[in-house]
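Chemist: Shown below is the structure under consideration.
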Amino acid sequence: MTKKILVVMVCALWLVSCAVNPVTGKRELSLISEEGEIAMGKETDPQIRQQYGTYDNAALAAYVARVGSRLVPYSHRPQLAYSFQVLDSPVVNAFAVPGGFVYITRGALAMMNTESELAVVLGHELGHIAARHSVRRLSSMMLLQVGLAVASTISKPMATIAGVAGVGIQLLYLKFSRDDERQADALGIQYSRAASFNPGQMVNFFASLQKLGDMSGKSSLPGFLSTHPLSSERIQNVTAMLTEADKAVPIGREAFLQSINNIVYGEDPRQGYVENNAFYHPSLRFVFAIPQGWKVQNTPSQVTLASSDEQAAFVLQAEKSSEGLEAYAAKTASELEGRQLLHTESPTINGLSTFIQVYDIPSQDSATLRARLSFIRKGEMIYTLAALSQANTFGGYDTHFKGILRSFRELTDPAHINRAPQRLKLIKASGGQSLQDIFKASGIKQDMWPKVALMNEMELTARPAAGQWVKIIQ
Ligand SMILES: [Zn+2]
């Protein structure tokens, strides 16, 4: 495990809790200074942005930052330089990194309906930062695989080739205690109440998350929701913290909904998608085949395939470069310590110039690794396709490795190139129609109805009043 990965400390919102109290002023043992926290945050922030990408919508980013900034003066650590960012991920998530970095996904925003709902979630994250929960819990970190198990079982050279040393194929999620989480909830309520948001909206968000967990199963949400469910007790605790006066505070429904109108919903196919055992990238215009049973992880920095036994990986990266393939290859290989060149060739693959080198790379902590690095020139870009496994098992995966490489080609089919993402849109109810009538008339696929109803925080049979905004997916 690298030091960099060690400091990727991500606190998932519903994960559960954090603990000590800057609020009570109780003394705590701390090995990390505030400067240390800030340095940690500054190192981690670019890694998180590279892993998920930030969502390209300046107005929405400004809106989220504005709501977050309203809370800051009421936080217990108002002196930190906070940043609030929207990540381009369909996963429903919000988290904070020490030093003042707060993130929310567009997937989480799509689930929300009011400005106060956004505020309490950001407030909860500010609570984790204020109480230094992440810092205090360094020792109780739980490893969450978001990609390849290969990255953890495999040694550092492999990680270097696979490009995981900096970004991490896996993130470390912090497992907070129930007490920590309860405290972050309380601080979130306190901050949002002080900043004139309606703190009761926290209950709505948690209730949505709980229902979403029930309906979406394992595939579309991080696995930790199944192992660390949001408890009904936690929702009851939050409800008990609310006062009669809270109920009268405006929730800011209109402003919030207008700010998320037309955002991308679900996976964005323009960043690459899998269909019929092939990976398509419409913006970069390439396609390649995926072996049966192999897993795919697509991030803004690379596409990673892993064999079903997770002992072999195939990693694709692209970089704009005018260099010759051999010079580019030499530069890449120079990072591999102790490498031994086994083979070189210069084939043409589907009309594209290619330079291939096979290396064995000794490793201190595991068996010798083998890497076939294929460098392909396509337009302004050089694509690096790395086939990786232990040297003694490489032959067993080679049919698949070669199959992927030989299938790499220019994407020309307009139907695949012009694939557009789905978007969240707002329409005004005409009154009298049920939510499912509205969905049907909007052409939303029936299997999506329960999820979209949940996004509206309504039952399918509910009849929105005339003029009420309804979220639909198109
Ligand atoms: Zn939390």
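Chemist: Where q = 0.08, 0.10, 0.16 Å⁻¹, what log10 of I(q)/I(0) comes from the Debye formula for the range 269-417, counting one point per Cα?
Modeler: Taking Cα atoms of the range 269-417 as identical point scatterers yields -0.21, -0.33, -0.87.
Chemist: Can you give the net charge of the other residues whose Cβ lies under 11 Å from the Cβ of Asp398, counting K and R as +1 and D and E as -1?
Modeler: Here the charged neighbours net out to +3.
Chemist: Now for a separate question. Of all accessible surface on the range 423-473 at a 1.4 Å probe, what whole percent is carbon and sulfur?
Modeler: Accessible surface attributable to carbon and sulfur in the range 423-473 totals 49 percent.
Chemist: Right, next: State the Cα centre-to-centre distance between the range 42-67 and the range 288-313 in whole Å.
Modeler: Using only Cα atoms, the two centres lie 26 Å from each other.
Chemist: So, one more: May I ask for the distance between the Cα centers of the range 395-461 and the range 241-282, given as a whole number of Å?
Modeler: Cα centroid of the range 395-461 versus Cα centroid of the range 241-282: 14 Å apart.
Chemist: Within the set of other residues whose C-beta is less than 14 Å from the C-beta of Met455, count the net charge using Lys and Arg as +1 and Asp and Glu as -1.
Modeler: Every neighbour counted, the sum reads +4.
Chemist: Over 30 Å between C-alpha atoms is what I'm after, so list which of Lys211/Lys425; Lys320/Lys402; Lys378/Lys471; Lys331/Lys378; Lys320/Lys471; Lys295/Lys440 land there.
Modeler: Lys378/Lys471; Lys320/Lys471; Lys295/Lys440
Chemist: Sticking with this structure for a sec: Over 24 Å apart: what share of the alpha carbon pairs of the range 332-474 falls there, rounded to a whole percent?
Modeler: 58
Chemist: Please give the contour-minus-distance gain from Lys445 to Glu345: 0.36 nm per residue of separation, less the Cα-Cα distance, rounded to one decimal in nm.
Modeler: 31.0 nm
Chemist: Give, to the nearest whole percent, the P(r) tail of the range 423-473 beyond 16 angstrom, counting all Cα pairs.
Modeler: Roughly 24 percent, rounded to a whole number.
Chemist: From the gyration tensor of the Cα coordinates in the range 277-340, what semi-axes in whole Å does the equivalent ellipsoid have, largest first, with each one equal to sqrt(5λ)?
Modeler: 24, 18, 9
Chemist: For the range 269-417, what is the accessible area per residue in Å² when the probe is 1.4 Å?
Modeler: Value for the range 269-417: 47 Å² per residue.
Chemist: For Leu388, what charge total do you get from the other residues with a beta carbon under 11 Å from its beta carbon, if Lys and Arg give +1 and Asp and Glu give -1?
Modeler: Residues near Leu388 contribute +2 overall.
Chemist: Of all the Cα-Cα pairs you can form in the range 344-422, what percent are over 14 Å apart?
Modeler: Counting every Cα pair in the range 344-422, those more than 14 Å apart make up 68 percent.
The values are calculated or read from the model by the stated rules, or taken from the named source; none is laboratory data. Everything quoted here is computed from the prediction, not taken from an experiment. Glycine gets a Cβ as well: all are built from the backbone with ideal geometry, and neighbour counts include every protein chain shown. The accessibility values were calculated without ligands, DNA or RNA, using every heavy atom of the protein model including side chains. Shrake-Rupley method; radii C 1.70, N 1.55, O 1.52, S 1.80 Å.
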